[in-house]
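Read the structure below first, then the notes.
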Amino acid sequence: MYITEEYTDTIKKQRKAYFLALTLVIILSGFILKFISDYSITSAMKESDYSLEVRGLSLKYLLISIASELYDVNVRIKEDQGPFYKLQGDETYDHYKWIKKTYSDMDNEMKSYLNTIYLDGANEGKLIYIVAELGDEAGINQINYKIQSSTLPNEIKNAAEKFYPFFYENYLKDYIEMKRYKYNDYFFELNQHIQKEKFDLLGFIERLSGIEYDKHYKPVLYYTMRPGNAWGFTYKDLYIALIPIKEDEYEDFFYILYHEYSHGIFKTITDKKEFKKLAEVLKNNSTMYNAWNNNYYNQFYTWEEWCEENLVEGFAMYLDYRVKGKKPKGIKSIRPYDQEYFEYLVQNHFDPDAMELEYITIKFLKEIIQMSN
């Protein structure tokens with residue numbers, strides 16, 4: 001997901017929390033942190049003055065993200081999520097059980113406040129952007145004050161004022177403390193590894209796409225405790241990514257970051273009239289349209305955002321391929337044409353020095369339209 005200051009009022013929640021998306025995350029094997037691999041970043045990724053920084057856990061994001069998970073798992077998503085959490089391991093399944101029990105323990109008044117805050121899928125993104133201004137050590141009172149001084153509707157602010165302090169003091173505070181020590185060890189190791197490699201994330205994406213970001217951003221990474229959910233957004237000079245944590249090989253850590261940080265590149269394509277016209281025609285593609293119009297994804301993505309998601313995910317596969325030198329195996333996705341886009345880039349020997357990413361992307365979309373007619 002990609003959020004800018006100019007479009008905060010139209011932020012749409014773009015998540016990978018639905019059970020099929022959660023399965024995708026499992027198949028793609030997690031994002032982080034067990035440094036048992038001999039993997040190292042290629043020289044093409046090292047030419048950098050961008051410095052990726054891992055900041056770990058921050059209450060301002062955890063509060064909003066975990067409360068949203070509380071709502072989604074217990075209210076929004078009707079299917080049982082237990083089996084999909086369990087596939088990721090005992091610790092993740094224990095988190096799921098905590099989410100279920102926490103909601104069950106709450107009285108109806110608190111559940112009503114939770115419903116008011118998260119019924120509109122766009123509100124999570126708005127809240128995340130509102131609290132981004134706060135310091136990483138901001139406490140519950142600072143977070144609450146920031147939300148109350150925002151331009152959110154009064155009913156949302158009133159519900160937040162009641163719910164968030166209650167949720168934090170009675171449930172989340174102790175849960176974070178229980179997890180913090182282990183997480184801090186992960187963050188320390190990861191930062192050491194990244195700094196040793198002198199990793200250039202945004203510069204790498206710029207070079208492989210041939211497109212520069214609109215500003216010289218510093219990439220900053222925070223963790224939520226929610227499996228299968230990620231956000232990417234810009235705030236001032238920061239390009240922030242919120243991602244879940246899972247022990248895994250270091251070589252798979254960057255995959256989800258390729259996706260989140262590529263939105264800033266693809267906005268240069270998807271904001272243009274030609275893309276918007278093609279996206280409108282793509283509504284006639286039943287495969288593409290039905291995957292979106294399922295009473296879930298169409299709540300969190302506009303149609304154009306859904307089309308962008310397919311491209312961004314395919315480009316993330318392409319970046320992963322360029323780093324590892326081999327195609328991923330057994331990819332399954334909720335997005336109908338992301339793998340096709342990845343294969344299209346490879347088969348056409350995409351080179352930003354020889355052709356523009358916009359040109360080959362528009363060409364791909366036109367061919368999809370032609371095949372569906």
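The values are calculated or read from the model by the stated rules, or taken from the named source; none is laboratory data. Not measured: the values here are computed from a predicted model. Ideal geometry is used to build each Cβ from the backbone, glycine not excepted, and the neighbour counts take in all protein chains shown. SASA here: full protein model, heavy atoms, side chains in, ligands and nucleic acids out. Shrake-Rupley method; radii C 1.70, N 1.55, O 1.52, S 1.80 Å.
Listed values, structure above:
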{"read-out": "Residues within the stretch 333-344 that are touching a residue at least 40 places away in the same chain (Cβ under 8 Å) and open to solvent by 10 Å² or more (accessible area, probe 1.4 Å), tallied", "value": "4"}
{"read-out": "Extreme residue, surrounded by the fewest Cβ atoms within 10 Å (Cβ to Cβ), among residues of the stretch 345-373 that are touching a residue at least 24 places away in the same chain (Cβ under 8 Å) and under 16 Å from Asp320 (Cα atoms)", "value": "Val346"}
{"read-out": "Selection status of Gly228, of a type in the set (Gly, Ala, Ser) and at pLDDT below 95", "value": "yes"}
{"read-out": "Count of residues meeting criterion [outside any helix (DSSP H, G or I), more than 21 Å from the chain's Cα centre (by Cα) and not acidic (Asp, Glu)] in the stretch 67-88", "value": "1"}
{"read-out": "Search result, residues across the stretch 86-98 that are more than 30 Å from Gln148 (Cα to Cα), buried (at least 17 other Cβ atoms within 10 Å of the Cβ) and touching a residue at least 60 places away in the same chain (Cβ under 8 Å)", "value": "Gln88, Thr92"}
{"read-out": "Whichever residue in the stretch 256-275 is among the charged types (D, E, K, R) and more than 20 Å from Glu124 (Cα to Cα) and, among such residues, is surrounded by the fewest Cβ atoms within 10 Å (Cβ to Cβ)", "value": "Lys273"}
{"read-out": "Selection from the stretch 59-85 of residues that are surrounded by fewer than 20 Cβ atoms within 10 Å (Cβ to Cβ), farther than 20 Å from Tyr118 by Cα and in contact (Cβ under 8 Å) with a residue 12 or more places away in the chain", "value": "Gly82"}
{"read-out": "Failed condition for Ala160, given (1) open to solvent by less than 30 Å² (accessible area, probe 1.4 Å); (2) in a loop (DSSP other than H, G, I, E, B); (3) modelled with pLDDT of 85 or more", "value": "(2)"}
{"read-out": "Residue ID - modelled with the highest pLDDT, chosen from residues in the stretch 315-373 that are among the polar types (S, T, N, Q) and closer than 21 Å to Val281 by Cβ", "value": "Thr361"}
{"read-out": "Residue match in the stretch 166-180 (condition: within 22 Å of the chain's Cα centre (by Cα), farther than 27 Å from Thr234 by Cα and either surrounded by fewer than 20 Cβ atoms within 10 Å (Cβ to Cβ) or not hydrophobic (A, V, I, L, M, F, W, C) (or both))", "value": "yes"}
{"read-out": "Hits in the stretch 188-203 - residues which are in a helix (DSSP H, G or I) and open to solvent by less than 10 Å² (accessible area, probe 1.4 Å)", "value": "Leu190, Ile194, Leu201, Leu202, Gly203"}
{"read-out": "Filter result (assigned to a helix (DSSP H, G or I), surrounded by 17 or more Cβ atoms within 10 Å (Cβ to Cβ) and among the small types (Gly, Ala, Ser)) within the stretch 99-143", "value": "Gly125"}
{"read-out": "Residue in the stretch 322-332 that is open to solvent by less than 10 Å² (accessible area, probe 1.4 Å), out of contact with any Ser or Thr (no Cβ under 8 Å at 6 or more places or on another chain) and not in a loop (DSSP other than H, G, I, E, B) present", "value": "no"}
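Matching residues to (1) open to solvent by less than 50 Å² (accessible area, probe 1.4 Å); (2) within 23 Å of Asn229 (Cβ to Cβ); (3) in contact with a Ser or Thr (Cβ under 9 Å, 6 or more places away or on another chain); (4) part of a helix (DSSP H, G or I):
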position	(1), (2), (3), (4)
Lys277	no, no, no, yes
Asn284	no, no, yes, no
Tyr289	no, no, no, yes
Asn295	no, yes, no, no
